[in-house]
Amino acid sequence: MDQESIHEIDDDSLARHRLRLWLQMLKAVRFVEGSLRERLRSGYDTTLPRFDVLAALHAEPAGMKMSELSQHLVVSNGNVTGVVDRLVSEGLAERQNLATDRRAFLVRITDKGRTLMDEMTVEHLRWIDEMFHNVSEADAARGISIMLDVRQKAAK
């Protein structure tokens, strides 16, 4: 490993506090994600990855290339392909070959998928609001700011 890439801990106490922050963030995400997974399964017989793909397609009515969809969801093309295959087989999404690149295709949400996603989006908002009902607007804004800082500073 390159010596310049090794981070030196200046303040052990602060480093441990940052570790506790990370562990609490992870626990919070796992709690919310687990609850969403269960609610999607029991309420809509669907999964979080399927919801995420439909949400991305719902936001882009013109459709997305598979590579764009993978990039947007921050997952591999292979992971998205299986989900898209199932959504297409259920009539919730459709594929269209691109005239400019015969190997690529565009994925779009169907009317059936849009109707389902319209309903799930309302429920999703309600579920999140319920889970975070004790979080004030100021705390939510502060949390968003911290998460943005973590992502921006970690990318450097």
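The values are calculated or read from the model by the stated rules, or taken from the named source; none is laboratory data. Only a predicted model underlies this, so the values are computations on that prediction, with no experimental measurement involved. Note: ideal-geometry Cβ built from the backbone for every residue, glycine included; neighbour counts use all protein chains shown.
A few notes on this one:
- Checked against the criterion of being farther than 25 Å from residue 135 by Cβ and aliphatic (A, V, I, L, M), the candidates 36, 21, 73, 40 yield just one match: 73.
- Residue that is farthest from residue 109 (Cα to Cα), among those in region 53-72 that are in contact (Cβ under 8 Å) with a residue 24 or more places away in the chain and part of a helix (DSSP H, G or I): 67
- Scanning region 27-50 finds no residues that are farther than 17 Å from residue 93 by Cβ, modelled with pLDDT under 95, surrounded by 14 or more Cβ atoms within 10 Å (Cβ to Cβ) and over 14 Å from the mean Cα position of the chain (by Cα).
- Looking only at region 106-133, residues that are without any contact (Cβ under 8 Å) to a residue 12 or more places away in the chain and either within 13 Å of residue 91 (Cβ to Cβ) or buried (at least 16 other Cβ atoms within 10 Å of the Cβ) (or both) come to 2 in all.
- Restricting region 73-113 to residues that are modelled with pLDDT of 95 or more and hydroxyl-bearing (Ser, Thr, Tyr), the residue that is nearest to residue 47 (Cα to Cα): 89
Yes/no per residue for (1) in contact with a His (Cβ under 7 Å, 6 or more places away or on another chain); (2) of a type outside the set (Asp, Glu); (3) closer than 30 Å to residue 26 by Cα:
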| residue | (1), (2), (3) |
| --- | --- |
| 45 | no, no, yes |
| 54 | no, yes, yes |
| 75 | no, yes, yes |
| 106 | no, yes, no |
| 119 | no, no, yes |
| 133 | no, yes, yes |
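- Residue check for residue 80: surrounded by 18 or more Cβ atoms within 10 Å (Cβ to Cβ) and either in a loop (DSSP other than H, G, I, E, B) or free of Cβ contacts under 8 Å to residues at least 40 places away in the same chain (or both): yes
- Identity of the residue in region 10-52, of a type in the set (Asp, Glu) and in a helix (DSSP H, G or I), that ends up farthest from residue 124 (Cα to Cα): 12
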